[in-house]
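Notes for the one structure printed next.
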Amino acid sequence: MLVMEKNAMTEEIEELVLKYGNQRSALIPILQDIQRKYKHIPDFAQQEIARLLDIHPVEVFSVISFYSFLNTEPKGKYIVRLCQTISCDMQGKAAVAKAIERELGIKFGETTRDSKVTLEYANCVGMCDQGPALIINERVYSKLTPEKAVQILNELK
Amino acid sequence: MEKKNRKGAVLFSSYKPGEGVKKALSLSREDILFEIRESKLKGRGGAGFPTATKWTIVAAAIADQKYIICNADEGEPGTFKDRVLLLEYPELVFEGMVIAGYTIGATKGIVYLRGEYEYMLKSLEDFLESMKKDNLLGKNILGKENFNFDITISLGSGAYVCGEETALIESLEGNRGEARNRPPYPVNTGYMGMPTVVNNVETLASIPHIISKGGEWYRKHGTDKSSGSKLFSVSGDCEKPGVYELPWGTTISELLHIVKAKNTKAVQVGGASGLCIPKSQFERALAYEDIATGGSIIIFNESRNMLHVLKNFMEFFVEESCGQCTPCRIGNVKLLEGVEMIEKGEYKFSYINQLKGLGKTMQIASKCGLGQSSSNSFISILENFKDEIFNGNGGANGK
């Protein structure tokens, strides 16, 4: 990270601390905001958050590693999470999964080379009556067919 | 927010926004607790703890601050009733929280919304704003002096275990969502160490109806031991999946008829952590005294491979176990390995029986509800479908 980028990041985290407070309960909202913007929580951000909340950086890392929606390695601009739980599975999840993998040329758990899409599985996303379902960043798509899923992905800018 | 044309005896019955809070504020705290005790309302998340008891303990506690938390971390496979309540009936949920706040003497309510439901956040926050404008939230609510109450929404980050109330509190406090030892219970030592009521979305949504129509009216629905109605999230092999409000005591076969399920072989009640009910037991009732459930109903027809179903559930638990206690962290991996052995046809019956024993140990030795219930499906599917799985074309289709 360049010094300028570091300074910008520090400023950004300072603003988040002003918004959510500097107590421990502010940690997860701050991490979520950084995650939403950068698609991961860089090492430097972890250190700065720890410094400003006055906790050990290991505590920050420990929390990130616990939650599946927080991560330390960069992910794509769009994180696609296909529900793998039984109701979606019975409604044709496997065919949708294969179609997406073919179209993007990556497997689940991987990111496209242009860093546009990361493909993951999610556990039950609460759309069991309208499966198969997937979530892209925070939007949810339901009643998918392989064709419809691919179309949605191709419309991502 | 558009409302679908839903019909039901209690939650989906007609309700004028603000009615419950208005009525509650005209009553004393004792009167409200009395009505809720009369209603015999029990927690709708699945555990079924009497709501009045929970509230009474917190109401009696002396503390600088008390909290009311709405558990909207609905993560059980096959459950989506909270999604419907929050999107279509937010007034019930939030007013339930306001009434709870008034009754127990709390000024702050927190909704713990699962990360997967982030798409609802905007509309829920807009709704809270409109409640503030109507003075249903904020300072001196509806002119009641010194009754101040506010609701904030906190997002989860994709951890099933955070639906467990102490794990949820840990997460709200900015920690890993690992369950705490109980006791102390949240009613004594909850969020920030203060007395805290943690209620399911559906429990809270029942409150405004109970207050405006009375506990006795509520008790008329359902059975003796399970009063009121329940929202069932129905998915799987049926013509009409969706959320249904039915009185407690409805049998599985009645429910299957309502949702137009055909050739049903099995029904998973209570999600991955629930029980798999075979055809021979379809006359059993959905009620706390028979099959208690948080409302997840997954229907399997004759074409489904139950071993595949079980594998899906065990994969779920291996991923979602928080890893804090050994029975759950290692037990679930062992059970999944057992399922894979059966799938390949490389198993010994003696070992499978040992695994069932391990499952029973996990039910006793795990720290929280996740590990205590994750072996339910393993034991019930292998018991109830042993013919299919081990004989004939079962167990990797006869290999």
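The values are calculated or read from the model by the stated rules, or taken from the named source; none is laboratory data. Not measured: the values here are computed from a predicted model. Here the Cβ positions follow ideal geometry from the backbone for every residue, glycine too, while neighbour counts run over all protein chains shown. The area values use the complete protein model at the heavy-atom level, side chains included, leaving out ligands, DNA and RNA. Shrake-Rupley method; radii C 1.70, N 1.55, O 1.52, S 1.80 Å.
Things to note:
- Selection over the range A:67-99 of residues that are away from chain B (no Cβ under 14 Å) and surrounded by fewer than 23 Cβ atoms within 10 Å (Cβ to Cβ) gives a count of 8.
- The residue list B:Asn140, B:Asn175 contains one member that is away from chain A (no Cβ under 14 Å) and of a type outside the set (D, E, K, R), which is B:Asn140.
- Test: residue in the range B:376-386 that is at pLDDT below 95, more than 22 Å from B:Gly78 (Cβ to Cβ) and outside any loop (DSSP other than H, G, I, E, B): yes
- Residue selected from the range A:18-39 under the condition surrounded by 18 or more Cβ atoms within 10 Å (Cβ to Cβ) and touching a residue at least 24 places away in the same chain (Cβ under 8 Å), by the criterion nearest to the other protein chains (Cβ to nearest Cβ): A:Leu27
- Filter pass, B:Tyr244 being modelled with pLDDT of 95 or more, within 14 Å of chain A (Cβ to nearest Cβ) and more than 23 Å from A:Lys93 (Cα to Cα): yes
- The set of residues from the range B:215-241 being within 14 Å of chain A (Cβ to nearest Cβ) and within 18 Å of the chain's Cα centre (by Cα) comprises B:Leu231, B:Phe232, B:Ser233, B:Val234, B:Ser235.
- Within this structure, B:Gly294 passes the test of being more than 10 Å from chain A (Cβ to nearest Cβ) and assigned to a loop (DSSP other than H, G, I, E, B).
Results for (1) among the β-branched types (Val, Ile, Thr); (2) modelled with pLDDT of 95 or more; (3) more than 25 Å from B:Leu370 (Cα to Cα); (4) open to solvent by less than 50 Å² (accessible area, probe 1.4 Å), shown as yes or no for each residue.
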position: B:Glu116; (1), (2), (3), (4): no, yes, no, yes
position: B:Ser123; (1), (2), (3), (4): no, yes, yes, yes
position: B:Val161; (1), (2), (3), (4): yes, yes, no, yes
position: B:Glu164; (1), (2), (3), (4): no, yes, no, yes
position: B:Asn175; (1), (2), (3), (4): no, yes, no, yes
position: B:Tyr191; (1), (2), (3), (4): no, yes, no, yes
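- When we screen A:Gly126, A:Gly109 for residues that are more than 10 Å from chain B (Cβ to nearest Cβ) and either part of a loop (DSSP other than H, G, I, E, B) or in contact with a strand residue (DSSP E or B) (Cβ under 9 Å, 6 or more places away or on another chain) (or both), the only hit is A:Gly109.
- Number of residues in the range B:107-129 that are closer than 14 Å to B:Val93 by Cβ, assigned to a helix (DSSP H, G or I) and away from every other protein chain (no Cβ under 12 Å): the value is 5.
- For the range B:83-106, a tally of residues being open to solvent by less than 10 Å² (accessible area, probe 1.4 Å) and within 14 Å of chain A (Cβ to nearest Cβ) returns 3.
- Residues that are within 10 Å of another protein chain (Cβ to nearest Cβ) and either within 16 Å of B:Glu76 (Cα to Cα) or not in a loop (DSSP other than H, G, I, E, B) (or both) were ranked within the range A:137-146; the one that is least open to solvent (accessible area, probe 1.4 Å) is A:Val140.
- Selection from the range B:286-313 of residues that are within 20 Å of the chain's Cα centre (by Cα) and either open to solvent by 20 Å² or more (accessible area, probe 1.4 Å) or acidic (Asp, Glu) (or both): B:Tyr288, B:Glu289, B:Asp290, B:Ala292
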